[in-house]
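Reading through the structure tokens given below for one structure.
The values are calculated or read from the model by the stated rules, or taken from the named source; none is laboratory data. Remember, predicted model here, so these are calculated numbers, not experimental data. As a convention, Cβ positions derive from the backbone with ideal geometry for all residues, glycine included, and neighbour counts pool all protein chains shown. Just so you know, the surface numbers come from the protein's heavy atoms only, side chains and all, with ligands and any DNA or RNA stripped out. Shrake-Rupley method; radii C 1.70, N 1.55, O 1.52, S 1.80 Å.
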Amino acid sequence: MKYLKITGEAKLEGKVEISGAKNAALPLLAAALLIKGKCTLTNLPLVSDIKTMLRLLENLGATYELKGHSVTIDSSNVFNTKALYDIVRKMRASILVLGSLLSRFKSCEVSLPGGCAIGQRPIDLHLKALEKMGAKIELVDGYVRASGELIEANIHFDKISVGATENTILAAVYAKGITTIINAAQEPEIVNLCEFLIKAGVKIEGVGTSKLTIYGAKELKTDFTCEIIPDRIEAGTYLCAAAITNSNVEICKINPEHLGALLNKFDEMGIVYELGKDYVRIKSANNIKAANIKTSEYPGFPTDMQAQFMALCLMADAESIIDERLFENRFMHVSELNRMGANITLNNHIASVKPSKLQGTHVMATDLRASSALILAALVAKGTTYVHRIYHLERGYENLYEKLSNIGAKIEVLEEAE
Ligand code: UD1
């Protein structure tokens, strides 16, 4: 198994190009199952979660051609509507094929998902919405078995869920009549999904708002191209890397509008940056001031940036309070950061983060974003940090080690002795 050796007290400099968003690419790949022909996605991030999704599509009978960061998927001959446990267990977002397969084939079976261990993560909202649209849902031997012709429905989510909103949008595509989603998630990744479907000829109203109206279609267009949006979480992670090391680094090929909640906190913390149309350059981060966050749905502070932001708060001049509202078990990085000398205490979903001097040691990555928080801490710690179980990182960060090395981080990938 691979692990990382990171030399601390780093000073970074240069430019980092951000890849396409994994969390936008995954629903778009699921949406490709709705197209009875070819479609192309550009700016595809080459990370292991994407490879898992492509393997799932292939297993269902779709074919694909990958050229650099562009993939053309052909779903003309999808013959299998059973998404197997062996693939689905690797990644929770596999559940998104449920909406597409049910919409197109009127019946399917999808294994209950696995994914990051950051809480219970049920799929009750997904299933309730599909039932409301007329699907018959059964849970049999660890699989969701769904069948039925989908019909017009008003779906009112009592909790905002990115995945449930996406699955409902996908299911609505071939439904008879109009599907309305109230209290829909408004993440940029959902806007990207709507853009893809609009290119395919689906009529959608309210894109980017909490009320979506999707008009069921009989046929979709083929042979179109959709660009995947830049990864706002990858961008945010590098912004924190630049800030935590008080470095001058440009994070480019991004949409800064998607980073509003994080940049707003940077303002409060006295971090100096230059804002461009498609880049942010961190200029300096001397005397970082403490800041409090409460994670929430977009456009609030993203839970996927909580761990990295916590690492940054360790460098602040006073106590910061971090309130995690979305996932009950998303503080697994805390004990690892504390092993490096961090002074973080937990009280249920609230973390108190006090100014700390970090010291390199051996730490264990526990989930995707927790892993990147450990890397940020390692960059600024005194001495050497060894980060184990880095396969989590490869699920969501393209060329992380190269990108960090290119801006001056001393980071080596080593092989664990048996
Ligand atoms: C997506 C992102 C993930 C991010 C999360 C929140 C992808 C592939 N993943 O995950 O990186 O951390 O949004 O921004 O895009 N919930 C229920 N019942 C459900 C579904 C969700 O109770 O049926 C709860 C969850 O447990 C959680 C909250 O709703 O507490 C939000 O989860 P959700 O928005 O669904 O997250 P994901 O779509 O799984």
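For segment 22-33, does any single residue satisfy the condition of being in contact (Cβ under 8 Å) with a residue 40 or more places away in the chain and away from the ligand (no atom under 15 Å from the Cβ)?
yes
So the check is Cβ under 9 Å with 6+ separation or different chains; which pairs have a first residue in segment 161-180 that's part of a helix (DSSP H, G or I) and a second one that's aromatic (Phe, Trp, Tyr)?
Between residues of segment 161-180 that are part of a helix (DSSP H, G or I) and residues that are aromatic (Phe, Trp, Tyr), the close pairs are 162/298; 164/157; 165/157; 168/157; 172/215.
Would you check which residues across segment 1-40 are hydrophobic (A, V, I, L, M, F, W, C) and either touching a Pro at 6+ places or on another chain (Cβ under 9 Å) or more than 30 Å from residue 99 (Cα to Cα) (or both) and list them?
Keep residues of segment 1-40 that are hydrophobic (A, V, I, L, M, F, W, C), which gives 1, 4, 6, 10, 12, 16, 18, 21, 24-26, 28-35, 39.
Selection gives 1, 4, 6, 10, 12, 16, 18, 21, 24, 25.
Tally up the residues in segment 4-19 that are of a type in the set (Lys, Arg) and more than 25 Å from residue 383 (Cβ to Cβ), please. First the steps, then the outcome.
Kept after step one, since they are of a type in the set (Lys, Arg), are these residues of segment 4-19: 5, 11, 15.
Next, from what is left, pick out any that are more than 25 Å from residue 383 (Cβ to Cβ): 15.
Residues flagged as of a type in the set (Lys, Arg) and more than 25 Å from residue 383 (Cβ to Cβ) within segment 4-19 amount to 1.
Could you grab me the full set of residues in segment 81-117 that are of a type outside the set (A, V, I, L, M), open to solvent by 40 Å² or more (accessible area, probe 1.4 Å) and part of a loop (DSSP other than H, G, I, E, B)?
Those that are of a type outside the set (A, V, I, L, M), open to solvent by 40 Å² or more (accessible area, probe 1.4 Å) and part of a loop (DSSP other than H, G, I, E, B): 89, 90, 106.
So residue 190 passes all but one of these: (1) within 11 Å of the ligand (Cβ to nearest atom); (2) of a type in the set (A, V, I, L, M); (3) open to solvent by 10 Å² or more (accessible area, probe 1.4 Å). Which condition number does it fail?
Of everything listed in (1) within 11 Å of the ligand (Cβ to nearest atom); (2) of a type in the set (A, V, I, L, M); (3) open to solvent by 10 Å² or more (accessible area, probe 1.4 Å), residue 190 misses just condition (3).
Have a look at 328, 297 and point out the one that is more than 21 Å from residue 366 (Cα to Cα) and among the acidic types (Asp, Glu).
Criteria check complete, one pass: 297.
Can you report the number of residues in segment 316-360 which are in contact (Cβ under 8 Å) with a residue 12 or more places away in the chain, assigned to a strand (DSSP E or B) and surrounded by fewer than 17 Cβ atoms within 10 Å (Cβ to Cβ)?
8
Determine which member of the set 250, 297 is within 15 Å of the ligand (Cβ to nearest atom), open to solvent by 10 Å² or more (accessible area, probe 1.4 Å) and out of contact with any helix residue (DSSP H, G or I) (no Cβ under 7 Å at 6 or more places or on another chain).
Among 250, 297, only 297 is within 15 Å of the ligand (Cβ to nearest atom), open to solvent by 10 Å² or more (accessible area, probe 1.4 Å) and out of contact with any helix residue (DSSP H, G or I) (no Cβ under 7 Å at 6 or more places or on another chain).
Quick check on my filter: what residues within segment 361-385 are surrounded by fewer than 16 Cβ atoms within 10 Å (Cβ to Cβ) and touching a Lys or Arg at 6+ places or on another chain (Cβ under 9 Å)?
Within segment 361-385, 361, 362, 382 meet the criteria.
Of all residues in segment 96-119, which are under 15 Å from residue 56 (Cα atoms) and at pLDDT below 95? Explain how you work it out, then say what you get.
Our first condition is that a residue be under 15 Å from residue 56 (Cα atoms); within segment 96-119, this holds for 96-101, 108-115.
Hits for segment 96-119 are 111, 112, 113, 114, 115.
Identify, from the list 182, 169, the residue that is surrounded by fewer than 18 Cβ atoms within 10 Å (Cβ to Cβ) and on the phi < 0 side of the Ramachandran plot. I'd like the intermediate steps shown before the answer.
Values: 169 fails: surrounded by fewer than 18 Cβ atoms within 10 Å (Cβ to Cβ).
One residue alone meets the criteria, 182.
Could you tell me which numbered condition residue 66 fails, if it satisfies all but one of (1) without any contact (Cβ under 8 Å) to a residue 60 or more places away in the chain; (2) more than 22 Å from residue 103 (Cα to Cα); (3) buried (at least 18 other Cβ atoms within 10 Å of the Cβ)?
Looking at each condition in turn, residue 66 falls short on (3).
Answer yes if at least one residue in segment 316-324 is over 18 Å from residue 261 (Cα atoms), away from the ligand (no atom under 13 Å from the Cβ), among the hydrophobic types (A, V, I, L, M, F, W, C) and modelled with pLDDT under 95, and no otherwise.
Taking every residue of segment 316-324 in turn, none turns out to be over 18 Å from residue 261 (Cα atoms), away from the ligand (no atom under 13 Å from the Cβ), among the hydrophobic types (A, V, I, L, M, F, W, C) and modelled with pLDDT under 95.
If the requirement is being within 16 Å of the ligand (Cβ to nearest atom), surrounded by fewer than 16 Cβ atoms within 10 Å (Cβ to Cβ) and among the charged types (D, E, K, R), which of these qualifies: 131, 138?
On the way: 138 fails: within 16 Å of the ligand (Cβ to nearest atom).
Exactly one of 131, 138 is within 16 Å of the ligand (Cβ to nearest atom), surrounded by fewer than 16 Cβ atoms within 10 Å (Cβ to Cβ) and among the charged types (D, E, K, R), namely 131.
Within segment 141-166, restricting attention to residues that are open to solvent by 40 Å² or more (accessible area, probe 1.4 Å) and near the ligand (Cβ under 7 Å from one of its atoms), which residue is farthest from residue 189 (Cα to Cα)?
It comes out as 159.
Output the strands (runs of 3 or more DSSP E) that fall wholly within segment 189-253 and possess 3 or more residues being touching a residue at least 40 places away in the same chain (Cβ under 8 Å), or say none.
Hits in segment 189-253: 224-227, 248-252.
Output the qualifying pairs, or none if there are none: Cβ atoms under 8 angstrom, residues six or more apart or on different chains, first residue in segment 139-156 and in a strand (DSSP E or B), second residue of a type in the set (Phe, Trp, Tyr) and open to solvent by 30 Å² or more (accessible area, probe 1.4 Å).
143/85
Against the conditions (1) under 23 Å from the mean Cα position of the chain (by Cα); (2) away from the ligand (no atom under 12 Å from the Cβ); (3) open to solvent by 60 Å² or more (accessible area, probe 1.4 Å), where does residue 215 fall short? Just the number, please.
If we test residue 215 against (1) under 23 Å from the mean Cα position of the chain (by Cα); (2) away from the ligand (no atom under 12 Å from the Cβ); (3) open to solvent by 60 Å² or more (accessible area, probe 1.4 Å), just (1) comes out false.
Residue 58 - would you say it is exposed (fewer than 15 other Cβ atoms within 10 Å of the Cβ) and in a strand (DSSP E or B)?
Details: exposed (fewer than 15 other Cβ atoms within 10 Å of the Cβ): yes; in a strand (DSSP E or B): no.
Considered against the rule, which asks whether it is exposed (fewer than 15 other Cβ atoms within 10 Å of the Cβ) and in a strand (DSSP E or B), residue 58 comes out as no.
Quick check on segment 42-63. Is at least one of its residues touching an Asp or Glu at 6+ places or on another chain (Cβ under 7 Å), free of Cβ contacts under 8 Å to residues at least 24 places away in the same chain and farther than 24 Å from residue 189 by Cβ? Steps first, answer last, please.
Start the filter on segment 42-63 by keeping residues that are touching an Asp or Glu at 6+ places or on another chain (Cβ under 7 Å), which leaves 42-43, 45-48, 62-63.
Now drop any that are not free of Cβ contacts under 8 Å to residues at least 24 places away in the same chain, which leaves 63.
Now narrow it down to the ones that are farther than 24 Å from residue 189 by Cβ: 63.
There is at least one residue in segment 42-63 that is touching an Asp or Glu at 6+ places or on another chain (Cβ under 7 Å), free of Cβ contacts under 8 Å to residues at least 24 places away in the same chain and farther than 24 Å from residue 189 by Cβ.
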